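Participant: So that we are looking at the same thing, I have put the structure below in structure tokens.
The values are calculated or read from the model by the stated rules, or taken from the named source; none is laboratory data. Just so you know, these numbers come straight off a predicted model, no measurement behind them. Every residue, glycine among them, receives a Cβ derived from its backbone with ideal geometry; neighbour counts consider all protein chains shown. Just the protein is used for accessible areas: all its heavy atoms, side chains included, with ligands, DNA and RNA removed. Shrake-Rupley method; radii C 1.70, N 1.55, O 1.52, S 1.80 Å.
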Amino acid sequence: MELSAKYSPSEVEDKWYAFWLEHKFFHSEPNEKEPYTIVIPPPNVTGVLHMGHVLNETIQDILVRRARMDGKNACWVPGTDHASIATEAKVIKRLAEQGIKKSDLTREEFLKHAWAWTDEHGGIILKQLRKLGCSCDWDRTSFTMDETRSKAVIKVFCDLYDKGLIYRGLRMVNWDPERQTALSDEEVIYHDEHSKFYYLKYMVAEEPGKYAVVATTRPETIFGDVAVCINPKEEKNQWLKGKHLIVPIVGREIPVIEDRYVEIGFGTGCLKVTPAHDANDYMLGQVHNLPAYDILTADAHVDITCLEEDIQKNCQSYQGMDRFVCRKQIAKDLEAAGLIEKIEDYDNKVGYSERTNVPIEPRLSLQWFIRMQHFADIALPPVMDDDIQFYPAKYKNTYNNWLSNIKDWCISRQLWWGHRIPAYFLPGQEGVKDENRKYVVAPTAEEALVKARQIAGYENIEISDLKQDEGALDTWFSSWLWPISLFDGIENPDNDEINYYYPTSDLVTGPDIIFFWVARMIMAGYEYKQAMPFKHVYFTGIVRDKLGRKMSKSLGNSPDPLDLIARFGADGVRMGIMLSAPAGNDILFDDSLCEQGRNFCNKIWNAFRLVTGWNIDDSAAQPEASQQAVKWFANKLNAVVAEVNDAFSKFRISDALMTIYKLFWDDFCSWYLEIIKPAYGAGIDKQTYEATIKFFGDLLVLLHPYMPFITEELWQNLGERAEGETIMFQPTPKAGEYSQEFLAAFELVQGAVNNIRGIRQQKNLSPKEALELKIKGNSFPAELECVITKLANISSIEKVDAWGEEAGVSFVVGIIEMFIPLAGLVNVDEEIAKIKAELEHQYGFLQGVRKKLSNESFVAHAPEKVIAIERKKESDALSRIATYEAQLKVLESSK
RNA sequence: GGGAGUUUAGCUCAGUUGGUUUAGAGCAUCUGCCUUACAAGCAGAGGGUCGGGGGUUCGACUCCCUCAACUCCCACCA
């Protein structure tokens, strides 16, 4: 077979992926084998593959493929997330481009558009994962809004409601005025901001001409002011006690109230209280029994129509103004009226919506919540006790911190795209306040009707009388069930699949969703399966560019993974992303990493070309050097396999890759193959050839989890394969016994070869020119001398008792003294200088060792083993020094 | 304001309970090579005293204190 000198990934990748699919190698069914399960962190259904996914999915694929080769029944379940807010935003944007407003559509019409969008763009990302080589069980592809998953969500909602763990209430929530929905606390991101601190004058009603100064960053909320609060202990504000103040512009007369909440010494000590627009003010309002005027619309425009008529008159000009426009306008107007004492620069934090990046507005609204204390109680211990293990473990702290200060979870969203809240309101409550309206919670309208008819007075209502809550549930309310709902473990809690695959093995995800997702899955796992959802959590880092910046569309620093795959091959990209990916560390990604991956593919490819290009000579005897090489590599392979196994057990999968990389490139190619390489034109003996093929196969198997395509391609061509055979199920090589002594002896051989090569380089000697080697005293194991002979092109090895008078270069490896005669090629002065420098180093070393040994405390305290090592160092150094000194003498006398 | 983490060759990182020839790797760099698998390669070489300071110890990159820089998370100060 003629093979090109370069590996062409595109030619083999699609072929083998199709082969794997065709044979259903990725598919898993429960059987008697040990399961190994991963559920994919479901990407947004309309999302596109980015480098973060590449990292995350590559790690998962490595783990899954490795488990499969270890003989486990590996199952990697793929799927997508409906991503309520993000997707609804995209749909609204597209509708806007067509001139359609969401408000013009009915819920049903809107959902039709949303599903159309989902069908159109959904699953693109899953197709892209195939290009990466991901071995997901595609037959199990799921969606958080498909039937099984949706039923699970609704069932869980009803169940938690029945348990009293879900409640509906009027609360101050984080409001996104752009998308016009409530958000959970976790969906708010705080940014530092340079803003202004406005000092406003509030005239005292009882004492005309006198005023109190109130400092605020949000003057636009003064329409909703209902009190000014002071700390009862604050000296300078004592005179305000019991007084009333007049809100500037608005003209409302409000009381001065006292509460220790106000911090003494901060600002002016006077805090304006606006219960409808600040969480703390709301709390104060509750305590002091104050009204709340909501003066902002859902899209954060001023709306004063809730105020009394005479007050409305004063504020008319602000009606309908955007909140930030109004802020400026009020400042301007107050300034003009002389009601601003001063404006200061002020740094504070402002919350932004994670999804729309719009400043959130604290808003009083009626929402659904989950009582979280119960879930914190069940989810904290397993992580703190390491039943569930985090890699890296530092995230235990983060987890602990969050669960120990848990707040109730706002799960309702004012969106249509998502799971509709299964609460049904009873008819005939027109006059009743929203928060007091009666409802029933049930999975379906029919079941809701049954429940409703049991309530006195509603015995005769019909389904059409019930009004379902308009809201949808937070996306994460479906995601937290993912490891259970994927196996239908909510609706059918005892089915074979859930019993077999759950708990899953490893979860691979980013630390940014530790609260959103990881913690909540653990909660749901213990609530609904009484067991952990996964045993290990591997937290990846963030993929950044080489300057350490986050990858973003606006910076244009985010490479397209498919483009990278086209340039470097999927294996090259996988290797590139894995080269520097210890758990929890950010990855500074650079194309050159993929280049390294591609180069490695090429190296493997060429090694294959070499090995399979040899002709087997049945009559040839195995050369001594080859025999030693085979023995050495067998030992080395065992040692490395043990190392790799250890690395995997600690989730150090980048380390494992680097270890295999060096094994292949340095040990196998640079040493092993060079030793066994037959002379030009000659055939190779059968024994060596077969051993080599075996080694190559083992190496491919070791590499396969990282580089699935090239390893399958070469493995298939490495020997006769039956139809339907695949490297995917070849067992990982076992870590057998190996001789530390033999490996150490071989290292000495390598040292000698390196030295001789170095001498050649310095003396400008061709590799083709054979050299003689003399060895004095100690030597290598005799059987390894032939390796030096071959690799360093040595014509003869002579054992001598002392160096003669001839010119040459000497060197020491370990404590073996060697000499290369080089008549006429030696610059005596140069050699003397070199040896002197070496001697100096040895003297320094010896001195250090002796200082230790002459220290009585050291000899008294240090363990015997350590002292023995120091003594060995001493004698070795002495022996080397003797050698160099003798050489120096010879050289000097030859001058 | 709390908490966590990081700081080791030009870059990215190892360094496992303090002691294994006076600190390792990959990449990059430099030198010499188109040597009959591979120039996406081969061979060789140089380069850190382990952020600063102090301490514990016979001995510290490794433990303690302190200072500095950077990163991240959490928190209602208007």
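Participant: Test residue A:734 against the criterion of being more than 10 Å from RNA strand B (Cβ to nearest atom), among the basic types (Lys, Arg), at pLDDT below 95 and more than 30 Å from residue A:645 (Cβ to Cβ), and give yes or no.
Facilitator: no
Participant: Scan A:774, A:799 and give me the residue that is of a type in the set (D, E, K, R) and farther than 21 Å from residue A:838 by Cβ.
Facilitator: Working: A:774 fails: farther than 21 Å from residue A:838 by Cβ.
That would be A:799, the only listed residue that is of a type in the set (D, E, K, R) and farther than 21 Å from residue A:838 by Cβ.
Participant: Residue under question is residue A:376, and the condition is that it be out of contact with any strand residue (DSSP E or B) (no Cβ under 7 Å at 6 or more places or on another chain) and either within 16 Å of RNA strand B (Cβ to nearest atom) or not in a helix (DSSP H, G or I) (or both); does it hold?
Facilitator: In short, yes.
Participant: May I pose another question? If I ask for residues that are polar (S, T, N, Q) and within 8 Å of RNA strand B (Cβ to nearest atom), which ones from the range A:839-859 would you list?
Facilitator: If the condition is that a residue be polar (S, T, N, Q) and within 8 Å of RNA strand B (Cβ to nearest atom), then A:842, A:847, A:855, A:857 are the ones that fit.
Participant: Identify, please: which residue in the range A:777-805 is modelled with pLDDT under 90 and crowded, with 18+ Cβ neighbours inside 10 Å and is, among those, farthest from RNA strand B (Cβ to nearest atom)?
Facilitator: A:803
Participant: Still on this structure, please answer the following. Please indicate, with yes or no, whether at least one residue in the range A:618-632 is within 10 Å of RNA strand B (Cβ to nearest atom), among the charged types (D, E, K, R) and surrounded by fewer than 16 Cβ atoms within 10 Å (Cβ to Cβ). So that I can check it myself, show each step before the final result.
Facilitator: Applying the first criterion (within 10 Å of RNA strand B (Cβ to nearest atom)) to the range A:618-632 yields none.
Checking the range A:618-632: not a single residue is within 10 Å of RNA strand B (Cβ to nearest atom), among the charged types (D, E, K, R) and surrounded by fewer than 16 Cβ atoms within 10 Å (Cβ to Cβ).
Participant: Going through A:813, A:800 one at a time, which residue ends up being without any contact (Cβ under 8 Å) to a residue 60 or more places away in the chain and closer than 28 Å to residue A:873 by Cβ?
Facilitator: A:800
Participant: Name the pairs: first residue in the range A:210-237 and free of Cβ contacts under 8 Å to residues at least 60 places away in the same chain and under 11 Å from residue A:270 (Cα atoms), second residue part of a helix (DSSP H, G or I) and away from RNA strand B (no atom under 12 Å from the Cβ), Cβ to Cβ under 6 Å, at least 6 apart or on different chains?
Facilitator: A:212/A:240; A:230/A:240
Participant: So which residues in the range A:679-689 are more than 9 Å from RNA strand B (Cβ to nearest atom) and at pLDDT below 95?
Facilitator: Matches in the range A:679-689: A:682, A:683.
Participant: Across the range A:262-292, what is the total count of residues that are outside any helix (DSSP H, G or I), near RNA strand B (Cβ under 7 Å from one of its atoms) and open to solvent by 40 Å² or more (accessible area, probe 1.4 Å)?
Facilitator: Matching residues across the range A:262-292 total 4.
Participant: With A:187, A:193, A:147 as the choices, which residue is open to solvent by 30 Å² or more (accessible area, probe 1.4 Å), of a type in the set (D, E, K, R), within 15 Å of RNA strand B (Cβ to nearest atom) and out of contact with any Phe, Trp or Tyr (no Cβ under 7 Å at 6 or more places or on another chain)? Spell out the reasoning first.
Facilitator: Numbers: A:187 fails: open to solvent by 30 Å² or more (accessible area, probe 1.4 Å); A:147 fails: within 15 Å of RNA strand B (Cβ to nearest atom).
A:193 is the lone residue from the list that is open to solvent by 30 Å² or more (accessible area, probe 1.4 Å), of a type in the set (D, E, K, R), within 15 Å of RNA strand B (Cβ to nearest atom) and out of contact with any Phe, Trp or Tyr (no Cβ under 7 Å at 6 or more places or on another chain).
Participant: Filter the range A:478-523 for residues that are part of a loop (DSSP other than H, G, I, E, B) and either over 20 Å from residue A:67 (Cβ atoms) or open to solvent by less than 10 Å² (accessible area, probe 1.4 Å) (or both) and give the result.
Facilitator: Across the range A:478-523, the qualifying residues are A:480, A:481, A:487, A:488, A:489, A:490, A:491, A:492, A:493, A:494, A:495, A:510.
Participant: All but one of (1) open to solvent by less than 20 Å² (accessible area, probe 1.4 Å); (2) over 30 Å from residue A:10 (Cβ atoms); (3) not basic (Lys, Arg) hold for residue A:689, so report the exception by its number.
Facilitator: Failed condition: (1).
Participant: Among the residues of the range A:712-732, is any in contact with a strand residue (DSSP E or B) (Cβ under 8 Å, 6 or more places away or on another chain), surrounded by fewer than 22 Cβ atoms within 10 Å (Cβ to Cβ) and in contact (Cβ under 8 Å) with a residue 24 or more places away in the chain? Write out each step before concluding.
Facilitator: Of the range A:712-732, the ones in contact with a strand residue (DSSP E or B) (Cβ under 8 Å, 6 or more places away or on another chain) are none.
No: the range A:712-732 contains no residue that is in contact with a strand residue (DSSP E or B) (Cβ under 8 Å, 6 or more places away or on another chain), surrounded by fewer than 22 Cβ atoms within 10 Å (Cβ to Cβ) and in contact (Cβ under 8 Å) with a residue 24 or more places away in the chain.
Participant: Might you check whether a residue that is in a helix (DSSP H, G or I) and open to solvent by 40 Å² or more (accessible area, probe 1.4 Å) occurs anywhere in the range A:76-85?
Facilitator: Looking only at the range A:76-85, we keep the residues that are in a helix (DSSP H, G or I), and these are A:84-85.
Narrowing further to those that are open to solvent by 40 Å² or more (accessible area, probe 1.4 Å): none.
Among the residues of the range A:76-85, not one is in a helix (DSSP H, G or I) and open to solvent by 40 Å² or more (accessible area, probe 1.4 Å), which makes the answer no.
Participant: Among the residues of the range A:507-541, what is the count of those that are closer than 18 Å to residue A:375 by Cα and among the small types (Gly, Ala, Ser)?
Facilitator: Final tally of qualifying residues: 4.
Participant: How many residues are open to solvent by less than 30 Å² (accessible area, probe 1.4 Å) and closer than 24 Å to residue A:660 by Cβ if we restrict to the range A:752-776?
Facilitator: Going through the range A:752-776 one residue at a time, the tally reaches 1.
Participant: If you don't mind, another one. Pairs only if they're at least six apart or on different chains, beta carbon under 7 angstrom, first in the range A:402-420 and closer than 30 Å to residue A:107 by Cα and within 16 Å of RNA strand B (Cβ to nearest atom), second of a type outside the set (A, V, I, L, M, F, W, C) and open to solvent by 60 Å² or more (accessible area, probe 1.4 Å); list them, first residue then second.
Facilitator: Final answer for the pair search is A:408/A:371.
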